[in-house]
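The values are calculated or read from the model by the stated rules, or taken from the named source; none is laboratory data. In this text, all values refer to a predicted model and were calculated from it rather than measured experimentally. As a convention, Cβ positions derive from the backbone with ideal geometry for all residues, glycine included, and neighbour counts pool all protein chains shown.
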Amino acid sequence: MSLYLAIHLAAAVAFFPLVGPAALRWGKKRVYTLAYLGLAVWFPLLMVVGRLPAGFSPAWQAAVFMGVAGAILSFHYVLPGAMIAQAIDHDAERTGLRREAMYFGTQGILQKAAMGLSGLLLAALLRWGGYEAAHPLGIYLVGPAAGLMFLGGYFSLRRWNLTD
């Protein structure tokens, strides 16, 4: 498992230098929403890892999956901070107040709530669908569930109306 996390993180770090130029060229919102759309399409493909034809070992399939996921997620790791800073600056121009603590505190609460809910969703999927070789449906549904979450994020991000 640690190897796959290392592949994921190495791919994300390798793509970090592309995030800034992409955001400058096409805008933070467009790049971020496209990354979320890409993740909404990519994560359901987790269902096929380990089930592709012979010649592609499950270990290699998982490594490729994690590498591509890391590359796309690099945008998710970088852009939220820049977008929150943009919202803070916009709020300061509008109100004359600097309320960074409020914004970052709210972000922290929402992130922790999302992490807790994701753990509950994972547990529910595994309990309902199974997590053993004889009953693997719960494991197969993890990717599509993540894809649906990213699709929801995509539609939420489309409502972002600050200019880049």
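Would you call PHE104 modelled with pLDDT of 95 or more, assigned to a helix (DSSP H, G or I) and over 27 Å from ILE7 (Cβ atoms)? Quick ask: steps written out before the conclusion?
Numbers: modelled with pLDDT of 95 or more: no; assigned to a helix (DSSP H, G or I): yes; over 27 Å from ILE7 (Cβ atoms): yes.
No: the conditions fail for PHE104.
Here is a yes/no grid of residues against (1) in a helix (DSSP H, G or I); (2) within 30 Å of ARG94 (Cα to Cα); (3) not β-branched (Val, Ile, Thr):
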site	(1), (2), (3)
LEU122	yes, no, yes
LEU125	yes, no, yes
GLY138	yes, no, yes
VAL142	yes, no, no
ALA145	yes, no, yes
LEU151	yes, no, yes
PHE155	yes, yes, yes
ASN161	no, yes, yes
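Could you look through the range 127-136, keep only residues that are part of a loop (DSSP other than H, G, I, E, B) and surrounded by 12 or more Cβ atoms within 10 Å (Cβ to Cβ), and pick out the one that is modelled with the highest pLDDT?
Taking the range 127-136 as the starting set, the residues that turn out to be part of a loop (DSSP other than H, G, I, E, B) are 130-131, 133-134, 136.
Add one more test, that the residue is surrounded by 12 or more Cβ atoms within 10 Å (Cβ to Cβ), and what stays is 130-131, 136.
Details: GLY130: 95, TYR131: 92, PRO136: 92.
Step by step, filter the range 127-136, then rank; the result is GLY130.
Scanning the range 88-115 for residues that are surrounded by fewer than 11 Cβ atoms within 10 Å (Cβ to Cβ) and either touching a Leu at 6+ places or on another chain (Cβ under 6 Å) or of a type in the set (A, V, I, L, M, F, W, C) (or both), which turns out farthest from ASN161 (Cα to Cα)? Lay out the reasoning, then the answer.
The initial filter retains those residues of the range 88-115 that are surrounded by fewer than 11 Cβ atoms within 10 Å (Cβ to Cβ), namely 93-97, 101, 108-110, 112-113, 115.
Filter again for either touching a Leu at 6+ places or on another chain (Cβ under 6 Å) or of a type in the set (A, V, I, L, M, F, W, C) (or both), leaving 97, 101, 109-110, 113, 115.
On the way: LEU97: 20, ALA101: 22, ILE109: 23, LEU110: 20, ALA113: 24, MET115: 26 Å.
Checking each candidate, the answer is MET115.
When you go through ALA69, ALA6, ALA62, ALA85 one by one, which is the residue that is in a helix (DSSP H, G or I) and within 14 Å of the chain's Cα centre (by Cα)? Write out each step before concluding.
Values: ALA6 fails: within 14 Å of the chain's Cα centre (by Cα); ALA62 fails: within 14 Å of the chain's Cα centre (by Cα); ALA85 fails: within 14 Å of the chain's Cα centre (by Cα).
Exactly one residue qualifies, and that residue is ALA69.
Report, ordered by the first and then the second residue, all pairs with beta carbons closer than 8 Å, sequence separation of six or more or different chains, a first member in the range 37-58 that is more than 19 Å from TYR154 (Cα to Cα), and a second member that is part of a loop (DSSP other than H, G, I, E, B).
So the pair list comes out as PRO58/VAL49; PRO58/GLY50.
I'm checking my understanding of the structure. Among residues of the range 1-20 that are of a type in the set (Phe, Trp, Tyr) and under 19 Å from TYR32 (Cβ atoms), which one is surrounded by the most Cβ atoms within 10 Å (Cβ to Cβ)?
If we filter the range 1-20 for residues that are of a type in the set (Phe, Trp, Tyr), which is where we start, we get 4, 15-16.
Narrowing the set further to residues that are under 19 Å from TYR32 (Cβ atoms) leaves 15-16.
Numbers: PHE15: 18, PHE16: 12.
By that ranking, first place goes to PHE15.
Say we look at the range 23-80 and pick out the residues that are under 27 Å from LEU162 (Cα atoms) and in contact with a Gly (Cβ under 6 Å, 6 or more places away or on another chain); which of these is surrounded by the most Cβ atoms within 10 Å (Cβ to Cβ)?
Step by step, filter the range 23-80, then rank; the result is TYR36.
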